[in-house]
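Every read-out reported here was derived from the displayed coordinates using simple, explicitly stated rules and does not represent laboratory data. Just so it is clear, the structure is predicted and the values come from calculations on it, not from any experiment. All Cβ positions, glycine included, derive from the backbone under ideal geometry; neighbour counts span all protein chains shown.
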Amino acid sequence: MEAMAIGLDHITKTFLHRVKGRVTAVDDVHLDVEPGELLTLLGPSGCGKTTTLRMVAGFEKPTRGRILFGRQDVTGLMVNQRNMGFVFQNYALFPHLSIFENVAYGLRVKQMPAAAIRSSVTEVLEMVGLTGYEEQFPNQLSGGEQQRVALARAIVIRPQVLLFDEPLSNLDAKLRVHTRVEIRNLQKTLRITSIYVTHDQEEAMAISDRIAVMNRGRIVQVGTAEELYYRPGTDFVARFIGRINSLPATARRGEVSPPRLDICGHPYPQPGGGRQAAAGEAVRVFIRPEMVALVGDPAQGDFPARVTARTFLGEKVEYVLEAGGAPLGATAYASAATTLHPPGATVGVRLPAEHLMLLPEEKDLP
Ligand SMILES: Nc1ncnc2c1ncn2[C@@H]1O[C@H](COP(=O)(O)OP(=O)(O)OP(=O)(O)O)[C@@H](O)[C@H]1O
Ligand SMILES: [Mg+2]
């Protein structure tokens, strides 16, 4: 079966909330998911991810806008009229049905012949690594196994669209990593166009073809993990994807335009690409911790800083420094030959100008 695009065409959802009054949970979200793509909606709690997904699924009707599966407008269709599978945080298995019957359920509803049901269920249970579990019941399975049953149940109907809402959040850290790799492999093998919801940025980066970062009901930026990490459009995206330093800076007075930026007393050229600070303007400049270089001799750096904490993590060392009264994080990739800077030491900091970013500011959710 050909993979199909999903279109979210300027969808808005407002609720009448008993306490908060009228709430715009989703605000003019416009997005095209490519055929076979796994796109993740990523954002803080309450930003509208689940509401967006529920509109795609048909559990919620948009106040405005349309949902398209391929060229078909499905906005008015019921959940069971959209050819789609979904996997939620709580596995929602039928406790009184065996694993086989849990997976077979959607096919029985479609009145598929028994022999075809048996072969389809057997095939997908093998795909998710649960061959031999057919006669077990959900309460005899671990959380990770139950979630794989939920996945098998979602794909057995051969859906054209797969929707995931925080499917891994009930699993422990190790199983989360393992299961997300499985989901990713299966989604790529079957080439089912998928929308995946999470508030975990690492999970989003690991599993997605592209990520749509949401804030306050809106999509702030869409891109691959690399694009969002290296070229965030706003400070919100920069802080939400990976870790980042935010440093106070002032544009120098009396310099030809564009004036250089003072950071901890050292002048840096203004970052290109984005907006520019005017002479005398106070701004914040962003830099990723792994771009911050430390040298043992403070005189060899752009400016000095004091090591306040050091965490040795094997292949890397994370430092927290204090420079000009503000904290600064630096990550250094280490080998056995690397000299570590001890807490309390004064070191030199170098900020490569090409990795500094000046970004438009954006308010978070309250
Ligand atoms: N049925 C409803 N009635 C009223 N308000 C609602 C309803 N459903 C969601 N909301 C509100 O819409 C906003 C978005 O909620 P949503 O569940 O989509 O967020 P989310 O991004 O999935 O958050 P989380 O990460 O916590 O799951 C919230 O402010 C929520 O209170
Ligand atoms: Mg949610």
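Observations, loosely collected:
- Springs join every pair of Cα atoms under 10 Å in this Gaussian network model of the chain, and among 277, 299, 150 the largest mean-square fluctuation is at 299.
- Using Cβ point charges alone (K and R +1, D and E -1), the dipole size of segment 243-358 about the Cα centre works out to roughly 200 debye.
- Contour excess over end-to-end distance, with Cα ends at residue 17 and residue 339 and 0.36 nm allotted per residue: 110.2 nm
- DSSP beta bridges confined to the chain are antiparallel in about 75 percent of cases.
- In this Cβ point-charge picture (+1 for Lys and Arg, -1 for Asp and Glu), segment 6-239 has a dipole of about 760 debye about its Cα centre.
- Residue among 344, 116, 206 farthest towards the positive dipole end of the chain, charges placed on Cβ: 116
- GNM remark for the chain: springs join alpha carbons under 10 Å apart, and the peak mean-square fluctuation among 177, 23, 237 falls on 23.
- With neighbours defined as other Cβ atoms within 10 Å of a residue's Cβ, the residues 149, 320 order from fewest to most as 320, 149.
- Cα-projected label distance for residue 108 with residue 318, points at 7 Å along beta-carbon direction, nm: 4.9
- Extension gain (nm, one decimal) between residue 230 and residue 175, 0.36 nm per residue minus Cα-Cα: 16.9 nm
- Converting phi to 3J(HN,Hα) with the Karplus coefficients 6.51, -1.76 and 1.60 and the offset θ = phi - 60°, segment 148-160 yields 6, 5, 4, 5, 4, 5, 6, 8, 5, 7, 6, x, 8 Hz in sequence order, with x at every glycine or proline.
- Under 21 Å, Cα to Cα: Lys pairs in the chain, sequence gap 8 or more or different chains: 9
- As a proxy for reagent exposure, 42, 171, 77 were ordered by neighbouring Cβ count within 10 angstrom, fewest first; the result is 77, 171, 42.
- Extension reserve of the residue 281-residue 295 stretch, reckoned as 0.36 nm per residue once the Cα distance is removed: 2.0 nm
- Distant-in-sequence amide H partners of residue 321 (H built 1.01 Å from N, under 5 Å): 308, 328, 329, 330
- DSSP loop GluC sites (Glu not before Pro) with at most 15 other Cβ within 10 Å excluded, longest remaining stretch of the chain: 3-134
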